[in-house]
Amino acid sequence: MSIATIFGICAACLVGLGLYGLIAQPQPLRKILAFNILGGGIFLLFGAVARRGAAAGMGGDPVPQALVITGIVVAFSATALGVAILLRLFEETGGTSLRDTPKESQSEETNS
Amino acid sequence: MSVALNVFTIAAVSFGAFFFLAGTVGLLRFPDTLTRLHALTKADNLGLGLIMLGLLPHVAWPFGALKLIAVWVLVLVASASASQLIARKVRDT
Amino acid sequence: MPPEAMASPNAGGFLVLALALPVAGILLVFLAGGRYGRGITLALLVAGVGIASVIAGGVWRTGDTVTYLAGGWAPPLGIKLRADGLSAAMILVTSVVTLAAGLYAPHEFRVPPGKPETRASLSFWVLLLSVWAAMNAVFLGNDLFNLYVALELLTFAGVPLVCLSGTPLTLTAALRYLLFALLGSALYLLGAVLLYGSYGTLDIGLLAAQIRPEPALWLAIALMTAGLAAKTALFPVHIWLPPAHSGAPPAASALLSALVVKGSFFLIVRLWFDVAPRMTGAIAGQILGAMGAGAIVFGGVVALRQARLKLLIAYSTVAQIGYLFLMFPLAAEPNALAGGMFQAISHAFAKAAMFMAAGLMAGVLGHDRIADLSGIGRALPITVFAFGLAALSLVGVPPSGGFFTKCLLLSASFTAGQWWWAAVILIGGLLAGGYMFRALMPALTDPEIPLTLPAPVSRVREIVVLALAVCAFLVGMFPQKPIELLQIGRVHLPEVAPP
Amino acid sequence: MNVELVFSLGLALLILAVAGFVIVARGSFAAIVGFVAFGLMLSLAWMGLSAPDVALTESALGGGVTGALLLGACARLRRASDVEETLGLVGRGAALVLCLGVTTGLVGVVLCLPDPAPTLAPVAKQSLASTGLGNAVTATLMVYRALDTMLEKVVLLLALVAVWSLAPDRFWGGRPVFGSRQEKGGPLSFLARVLIPIGILVGIYLFWVGADAPGGAFAGGAIIAAMGILGFFAGVSAVPAVSAFRLRVALAAGVAVFLGVGLAGLAAGTGFLTYPENFAKPVIVLIEVAMTLSIGVTLALLVVGPPGESFGP
């Protein structure tokens, strides 16, 4: 068993955990958290792949490492956007539920 | 010489780790926020200082050592401010 | 400098321009402010149609793909841009539909005099340019991670378009859309990681030459397809689409329904036909096809029961997406890919026209209740005619684009001996006829009190809608050339034997 | 088993335990605190995987800035009045089976990955000489796959426009409201005054050494962003108004310089995003300066949120 394998398996479990949270957690904020765990798992798996590719005197394959850095920034942007929508929704309705707002008529008025 | 340094490092880092452990026990066992804060900051700052001290002989002089010391000082500043803020919050409520 | 620096100098540079132009537009609008958004965007879009034509012309003339190595670095280390027949057709359609949305939209996002800019004006123009940039990146990308970035660009452009109005309903819709889209791109990235771990490259061409039928490949393709299907709103993960597409402003709905969902769909096509052709297995194809069939029937039935026009159109999108997925069980038939891509193109024109037409009607009436549309046919004859024309294309009346799509898919399903898809196609056509008839019938009746227009409707907007509808109708009249274009660059790789 | 393996194994188990806590914790606050710890331990894992560049970015962004963002949201959502219906037992069971299936499949693939592993490390190393850089990760980001990096900068800018687009119309052009006003002169502003100059220095240092050592524009930019957030929160520096032209320039600079250099290469005939021979490194550093600035400002403003105060005094 190598370090890459250990973290590879750890990453696989993180993906499962994140996926479960994203599906099963009802609150949007918790879903966003779960998405970050899922993302962390995917990046870690990429890191394990990079570690396996250690060669030419480098501790790991630099290409996946660079891609992970890009990915982390994208994941953060997604989190920020999700939080912003959530906060605006809370300001408008006093809640953060993902259920449809009961008043269907509301949307017709906004069209005018 | 190197044996003495290694013994020093092991001793200092172990002590540091012990202080971390003590701080964590204090955080978990002490009765209220202020005493927990006391345990945490005292023990952690001391613990980190000892670990930093223990590692000093093994890093490049002078920049590596300066970096280590800077890490410790920055953590001191941050933890002091953070505990001040928490303590104020406790006092005000 | 690397030796590969000089790569196809003729049309290759235009691939770069197809990406650089919208990105430059984003920067210019962001710096100059929303007031100048319209001018900058329209100027760039006109240039963009030109660039797309040059690329399509280049592909058409040479009968070969156009490629470009970004930075001069060849894959696997670098990134290659590549336009084959599919991408050439799609970037052309994208630029035309985006231009139409840009011409249609200014009335809603006008900056009142005395104000430097408004929130909606800055946001809308930047987002419209971003949709354009992201779609071009999706169509031209040839590297799975580059395509991931393109996919995320598409997400960040699409989600805020949904909630531009800021009402609670649209905010909920946008949040749900975001969560589905993020899950989708996460699964896509996970699959790409597995492929890199197994084959050490993310370039589509190199992957296609190296892949072996093995569990890593199957898991990767399954994860990526599932993620992309969630982003495409394939039944049964379509639930985010109707509220999102029906709540957005009309120009935004048109972009979302006509283009954005096609981006993730296009990547599934790339995966199944370019990365792993003939390796995905018959069962997987049947499952995707079954989900498509489910979408056609379910979307059609639910659309029949809608009381609001925009929701009806949105559910019609759910149904029409289903047709796109009928190509996968029939992948062995050359007509299937052409039929699916034809559907993507003609649906893009038709759906953009319908959402924009519905926007004009709602603007006049102040609502979009189907039951109370009477008189609108007399008040806005051009708009309602355009809506009807687009509807006929979706239903599949000859010689429209929709008719031609269905012909291709039907012939593919019969030659493949899979008659059940033909049954689904026919049922879908009947359902589409039903819900479109329901939407149009009240619009063509006369009300007791004649409608008076609150303000004259802009002729430009009506003509834009009509032009899109005519496009949707006409692509079916001259089908031979587009089909030949779509076939360019299809490499039929010999069966790859495991090394 | 050697010490490194035992340490990795312990760390992996700890990461999983904390992640599990984040998913199932009862309160959102506890879950977010757990997430910050998760981010820090993940950066240790990145060190274990010999990826110090990623570790720096992860600890600055994954744990730190994301944590600040989520904690802020959690504090504002405290009064949310939701009756959330949780997924039924059947639904949760189905989700569990699905996730277990995915994890099992992934573990299987991880254990069966080809040996020796395919890698681009030799090619990346071999091409390093022509870039003038010493850090292969920076070379990948700035040279080999520069197009990805540029598009990803567009994503970042777009995310900010998207967040801004969520402001109510009446606040457009104004400043985002952020942080506690009454704390002037307290320990927070002391911390801000002491830490911000040092932090900005560290950020610039990280970006500068990134050419040859671990670091780079992303890590540096994230630290500068953290300093910005601290300054805004403590009230030491004012949050800029979203309509301020100078702010827009700072935000667009990264993509603009990147695109400009790319198009200059196209115009010069050497190709899009190629760098001039012998001057590759200065040009790359120029792009990175603009990028570090843009990344820092964008990340900070993403945390600060949309404008919430009318324009004017």
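Can you give the net charge of the other residues whose Cβ lies under 9 Å from the Cβ of residue C:309, counting K and R as +1 and D and E as -1? Here the count lands on +2.
Sorting C:67, D:57, C:383, D:131 by the number of Cβ atoms found within 10 Å of their own Cβ, with the fewest placed first, yields C:67, D:131, C:383, D:57. List the relative contact order of the range C:143-280 as a percent without decimals, with contacts defined as Cα pairs under 8 Å and 6+ residues apart. Relative contact order of the range C:143-280: 32 percent. Rounded to the nearest 20, the Cβ-based charge dipole of chain B about its Cα centre (Lys and Arg +1, Asp and Glu -1) stands at 180 debye. With only Cα atoms counted, the protein assembly as shown has Rg and Dmax values of 28.4, 105 Å. Relative to the longest principal axis of the C-alpha atoms of chain C, give the angle of the C-alpha long axis of helix C:381-395, reported between 0 and 90° and rounded to the nearest 10°. Orientation of helix C:381-395: about 40 degrees from the principal axis. Round to a whole angstrom and tell me the spacing of the C-alpha centers of the range C:196-258 and the range B:45-69. Answer, in whole Å: 50.
Annotation for the range D:139-213 versus the range C:132-162: alpha-carbon center distance of 23 Å. The modelled label-to-label distance between residue C:397 and residue A:92, using points 7 Å beyond Cα along the C-beta direction, is 3.8 nm. Candidate cross-link partners of residue C:406 among the lysines, defined by an alpha-carbon separation under 25 Å and a same-chain spacing of 8 or more, comprise C:231, C:262, C:310, C:351, C:481.
Highest mean first, how do C:183-193, D:60-70, B:45-55 rank when packing is the count of other Cβ atoms within 10 Å averaged over residues? Before the final figure, lay out the partial values.
Values: C:183-193: 26.4, D:60-70: 23.8, B:45-55: 19.2.
Peptide ranking by packing, descending: C:183-193, D:60-70, B:45-55.
When peptides D:239-245, C:256-262 are ranked by their average number of other Cβ atoms within 10 Å per residue, the highest-first order is C:256-262, D:239-245.
Please give the average number of partner chain Cβ atoms lying within 10 Å of the Cβ of each residue in C:156-166, rounded to a whole number.
Numbers: counts 14, 5, 1, 7, 11, 2, 1, 6, 2, 4, 10.
Taking all residues of C:156-166 together, the mean is 6.
Here r is the Cβ-Cβ distance between residue C:474 and residue D:245 and R0 is 30 Å; the resulting FRET efficiency, rounded to 0.05, is 0.05. Applying 1/(1 + (r/R0)^6) with r as the Cβ-Cβ distance of residue C:463 and residue D:125 and R0 = 35 angstrom yields a FRET efficiency of 0.05. In percent, rounded to a whole number, the relative contact order of chain D is 21, using alpha-carbon pairs under 8 Å and six or more apart.
By per-residue mean of other Cβ atoms within 10 Å, what is the highest-first order of C:113-122, C:414-423?
Values: C:113-122: 17.9, C:414-423: 14.5.
Result, highest mean first: C:113-122, C:414-423.
Work through the residues other than residue C:431 whose Cβ is under 14 Å from its Cβ and net out their charges, Lys, Arg +1 and Asp, Glu -1. Show your work: numbers first, answer last.
Working: positive: C:305, C:406, C:438; negative: none.
Net charge around residue C:431: +3.
What's the local net charge at residue D:219, with K and R +1, D and E -1, over the other residues with C-beta under 12 Å away? With Lys, Arg at +1 and Asp, Glu at -1, the neighbours total -3. Computed 3J(HN,Hα) for the range C:16-30, one whole-Hz value per residue from the Karplus formula 6.51 cos²θ - 1.76 cosθ + 1.60 where θ = phi - 60°, is 5, 4, 4, 8, 5, 4, x, 5, 4, x, 4, 5, 4, 5, 4, glycine and proline marked x.
Quote the charge dipole size of chain C about the Cα centre in Debye, to the nearest 20; the model charges only the Cβ of Lys and Arg (+1) and of Asp and Glu (-1). Present the calculation step by step, with values, prior to reporting the outcome.
On the way: 26 positive and 18 negative charges, 160 e Å.
The calculation lands at about 760 debye.
Potential lengthening of the chain between residue B:67 and residue B:11 amounts to 18.0 nm, from the contour at 0.36 nm per residue minus the alpha-carbon distance. Of B:86, B:38, B:17, whose Cα points farthest to the positive end of the dipole of the range B:2-92 (charges on the beta-carbon: +1 Lys, Arg; -1 Asp, Glu; origin at the Cα centre)? Result: B:86. Per residue of peptide C:177-183, the mean number of Cβ atoms on other chains within 10 Å of the residue Cβ is 6. Can you tell me how chain B classifies by the Cα gyration tensor, rounded, prolate or oblate, using a/c under 1.5 as the rounded cut? Note, shape of chain B comes out oblate. Measuring nothing but how far apart in sequence close Cα pairs (under 8 Å, 6+ apart) lie, relative to its length, chain B scores a relative contact order of 31 percent.
Each of D:178, B:72, D:250 was scored by the projection of its Cα onto the charge dipole of the protein assembly as shown, and the greatest displacement toward the positive side belongs to D:178; charges sit on the C-beta of Lys, Arg, Asp and Glu.
With +1 on the Cβ of every Lys and Arg and -1 on the Cβ of every Asp and Glu, and nothing else charged, how large is the dipole of the protein assembly as shown about its Cα centre, in debye rounded to the nearest 20? Can you show the working numbers first?
Details: 56 positive and 43 negative charges, 297 e Å.
Computed about the Cα centre, the dipole is about 1420 debye.
Can you check what the Kirkwood hydrodynamic radius comes to for chain C, Cα pairs only, in Å to one decimal? Working shown, then result.
On the way: mean 1/r = 0.0441 Å⁻¹.
Evaluated on chain C, it is 22.7 Å.
In peptide D:165-178, how many Cβ atoms from other protein chains are near each Cβ within 10 Å, on average? Present the calculation step by step, with values, prior to reporting the outcome.
Numbers: counts 16, 16, 5, 5, 5, 1, 1, 10, 7, 0, 0, 0, 0, 0.
Mean shielding by partner chains, rounded to a whole number: 5.
Placing a label point 7 Å from the Cα of residue C:61 along the Cα-to-Cβ direction, the residues of the range C:88-105 whose backbone N falls under 17 Å from that point are C:88-89.
FYI, it's all coordinate maths here, none of it is from the lab. Bear in mind the structure is a predicted one, so any value in this text is a computation, not a measurement. So basically every Cβ, Gly included, is an ideal-geometry build from the backbone, and we count neighbours across all protein chains shown.
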